[in-house]
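Asker: Let me give you the structure first, and then I'll get to my questions.
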Amino acid sequence: MPPLALVPGAVPLPLPPAPRRRRGLLIGGIVALIAALAVAGGAVFVANRDSFAAPAEAAAPTRTRPPTTLESATAALKTQAAALIRNDEKAWLAAVDPGQAKLRARYKTMFRSLRSLGVTAFDYRAFRDPDGADTAKGVDLDATISYCFTDNVCPADVDAKPTIAAKLKLKPVGGQWVISSSAPTKSEDDALPTPWESGDLVFSKGKRVTLVALPSEKKYFKKLLPIAEAAAVVNDRFAGMVGNPQKRYRIYLAGAKQWTQWYGGMDDKWVIGYAIPLNEAGMDVVLNMPELKSDTRLLETTVRHELGHVVTLGAAERTSWTAGDMWLKEGIAEYIGWYPQPATASWRRYSVSKAVHGSKRPKSIAVNALKDNASVEESDAFYGLGHFAADCMAKKYGQQALFTFVRLYLREDKDLDPASREAFGKPFSTVDKACVAWIRSKA
């Protein structure tokens with residue numbers, strides 16, 4: 001797992017203002033989305049490999065040579081992908097070795113999960129594994145699979161779609177090439193495997209939200225669905241303000257085991273939720289249910305916060321962010337997480353007060369990003385300051401102006417000052433100075 005500051009999600013649970021017990025769970029955000037987006041697009045190409053697409057002459061009716069092993073194997077994968085889209089489970093499983101019961105069971109649950117998620121695109125790009133076999137008895141492939149779901153935007157560019165990577169072995173059985181082995185290939189920041197790659201998922205669909213879990217977490221559906229539906233209503237409003245309306249939100253409920261596995265696994269004990277980008281096709285939310293199940297208020301703010309990332313960052317025109325953007329990314333998610341309550345009602349107010357009245361008081365609302373080894377207290381203050389900054393801009397210039405600023409800066413890649421002038425009618429230095437003073441007076 002990469003350092004916490006490079007993980008798509010690490011927000012500290014607010015510390016209480018009094019000497020009562022100090023809590024340190026994290027409610028997830030996006031700390032370095034650029035790394036996660038790189039994962040979501042992660043196809044690696046090696047020069048001089050034969051590509052998935054057969055040569056032009058392969059499709060010509062006057063073909064004079066038999067297909068190569070690569071062409072035959074990849075044609076079987078293409079047939080399997082088409083079977084998934086047309087909802088033909090029998091044809092999908094026909095591409096899996098009939099002599100391997102466990103492998104076929106995994107592909108069967110994968111088919112049903114993908115269909116329940118509303119798969120609309122599923123395409124293989126496969127290349128010879130240079131270290132593997134390529135004979136009439138079998139072929140080893142490096143495969144990249146791109147996909148889309150009904151409720152996400154599906155980019156036309158294949159490299160903009162979410163992807164997974166796998167090493168596949170195919171062999172001929174009964175005159176047909178079938179998958180005899182399939183193993184995920186971890187990307188450079190380990191944000192794989194996806195939840196749907198293994199495990200028999202169950203679903204609960206509300207008006208605006210779909211909850212997804214293994215059967216062991218199904219027990220949380222009844223409590224979580226109304227909370228998620230209410231959070232969706234709040235986020236729908238802000239999605240409209242930034243021009244990113246959502247067809248439907250998806251929230252994955254991870255048990256203790258899944259929390260350490262899905263999307264590479266989260267091993268930091270403070271993290272209890274994060275939003276994961278699906279390349280340029282939106283974002284999904286993952287919750288650590290064993291840590292959230294008994295605290296309803298924390299669950300409510302966590303879900304609103306994470307869906308806030310979905311609407312403010314998902315499928316943005318901007319293709320990269322830096323650590324310097326973190327103050328606004330997390331600040332606006334905190335604003336949404338607590339809405340309609342003001343920043344002064346937040347659990348983090350105590351930490352913010354200590355920060356702005358201490359010896360190292362911040363001189364700008366655009367504070368430096370958290371370091372990898374930041375303490376819980378530092379993290380608490382950082383997220384609280386972001387919340388106060390967002391609340392200040394809303395109070396002084398209007399909520400619509402705040403979300404116009406968010407759209408311009410986070411989604412459309414304008415610099416701080418041009419975004420501020422367009423949204424607020426003032427240079428960012430003026431807004432910054434006014435909000436630093438406002439936070440000191442309110443915290």
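All of the numbers you see were taken from the coordinates with simple rules; none came from a lab. All of these numbers come straight from a predicted model, not from anything done at the bench. Glycine also receives a Cβ, built like all others from the backbone with ideal geometry; neighbour counts cover every protein chain displayed.
Asker: Can you compute 3J(HN,Hα) from phi for each residue in the range 161-177, using the Karplus curve 6.51 cos²θ - 1.76 cosθ + 1.60 with θ = phi - 60°, rounded to whole Hz and x for Gly and Pro?
Answerer: Karplus-based 3J(HN,Hα) across the range 161-177 equals 7, x, 9, 10, 10, 8, 9, 10, 10, 10, 9, x, 9, x, x, 10, 7 Hz.
Asker: If you stretched the chain out fully between residue 101 and residue 323, how much longer would it get, using 0.36 nm times the residue separation minus the C-alpha to C-alpha distance? Don't jump to the answer; show the numbers that get you there.
Answerer: Working: separation 222, 0.36 × 222 = 79.92 nm, distance 4.67 nm.
Roughly 75.2 nm would be gained on extension.
Asker: Follow-up. How large is Rg/Rh for the range 66-173, to two decimals, with Cα atoms and a Kirkwood Rh? Walk me through the numbers before you get to the answer.
Answerer: Values: Rg = 14.1 Å, Rh = 14.6 Å.
When Rh is taken as the Kirkwood radius, the ratio is 0.97.
Asker: Taking 0.36 nm per intervening residue step and subtracting the Cα-Cα distance, what contour gain separates residue 378 from residue 267 on full extension?
Answerer: Working: separation 111, 0.36 × 111 = 39.96 nm, distance 2.01 nm.
Length gained, residue 378 through residue 267: 37.9 nm.
Asker: Oh, and also: Relative contact order of the range 169-219: what whole-number percent is it, with Cα pairs under 8 angstrom and at least 6 residues apart?
Answerer: Working: 39 pairs, mean separation 9.8, N = 51.
Relative contact order comes out at 19 percent.
Asker: For residue 282, which sequence-distant residues (separation of 5 or more, or a different chain) have an amide H within less than 5 Å of its own amide H, given hydrogens modelled in the peptide plane?
Answerer: 315
Asker: Classify the range 268-382 from the C-alpha gyration tensor, please: rounded if a/c falls under 1.5, else prolate or oblate depending on whether a/b exceeds b/c.
Answerer: Numbers: a/c = 1.68, a/b = 1.21, b/c = 1.38.
The shape class here is oblate.
Asker: Given axes a ≥ b ≥ c from the Cα gyration tensor, I'd like to know whether the range 304-346 is rounded (a/c under 1.5), prolate (a/b larger than b/c) or oblate. If you can, show how the numbers build up before the last one.
Answerer: On the way: a/c = 3.73, a/b = 1.75, b/c = 2.14.
It is oblate, given that a/c is not under 1.5 and a/b is not larger than b/c.
Asker: What is the order of 428, 221, 403, fewest Cβ neighbours within 10 Å to most?
Answerer: Sorted ascending by nearby Cβ count, the order is 221, 428, 403.
Asker: Full extension from residue 120 to residue 360: what is 0.36 nm times the residue separation minus their Cα-Cα distance, to one decimal in nm?
Answerer: Difference between extended and current length: 81.2 nm.
Asker: While we're looking at this one, here's another question. Order 171-178, 432-439 from most to least packed using the mean count of other Cβ atoms within 10 Å.
Answerer: Values: 171-178: 14.9, 432-439: 18.5.
In decreasing order of mean packing, 171-178, 432-439 become 432-439, 171-178.
Asker: How many nm is it between the label spots at residue 341 and residue 200, if each spot is 7 Å from the Cα in line with the beta carbon?
Answerer: Distance between label points: 4.1 nm.
Asker: Based only on other Cβ atoms within 10 Å, what is the fewest-to-most ordering of 251, 332?
Answerer: Taking fewest neighbouring Cβ atoms as first place, the list is 251, 332.
Asker: Near residue 250, within a Cβ-to-Cβ distance under 9 Å, what is the net charge of the other residues, with Lys and Arg +1 and Asp and Glu -1?
Answerer: Numbers: positive: 248; negative: 151, 284.
Here the count lands on -1.
Asker: Count charges around residue 287 for me, please; just the other residues with Cβ under 13 Å from its Cβ, Lys/Arg as +1, Asp/Glu as -1.
Answerer: On the way: positive: 223, 250, 293, 304; negative: 217, 284, 291, 295, 300, 306.
Neighbourhood net charge equals -2.
Asker: Short version: ³J(HN,Hα) in whole Hz for each residue of the range 241-250, in order, from phi by Karplus 6.51 cos²θ - 1.76 cosθ + 1.60 (θ = phi - 60°), x for Gly and Pro, what are they?
Answerer: After applying 6.51 cos²θ - 1.76 cosθ + 1.60, I find 5, 9, x, 10, x, 10, 6, 6, 9, 10 Hz.
Asker: Would you order 359, 113 from fewest to most other beta-carbon atoms within 10 Å of each residue's own beta-carbon? Walk me through the numbers on the way to the answer.
Answerer: On the way: 359 4, 113 21.
The most exposed by this proxy come first: 359, 113.
Asker: Taking H as built 1.01 Å from N, whose amide H comes closer than 5 Å to the amide H of residue 173, not counting residues under 5 places away?
Answerer: 178
Asker: Check residue 149: other-chain or 5+ apart residues with amide H under 5 Å from its amide H, H built from backbone geometry?
Answerer: Here 120 satisfy the definition.
Asker: Now, a different point. Which net charge results for the neighbourhood of residue 372, defined as the other residues with beta-carbon distances under 12 angstrom from its beta-carbon, given Lys and Arg at +1 and Asp and Glu at -1? Intermediate results must be reported in sequence, preceding the final value.
Answerer: Numbers: positive: 371; negative: 268, 378.
Charge balance near residue 372 sits at -1.
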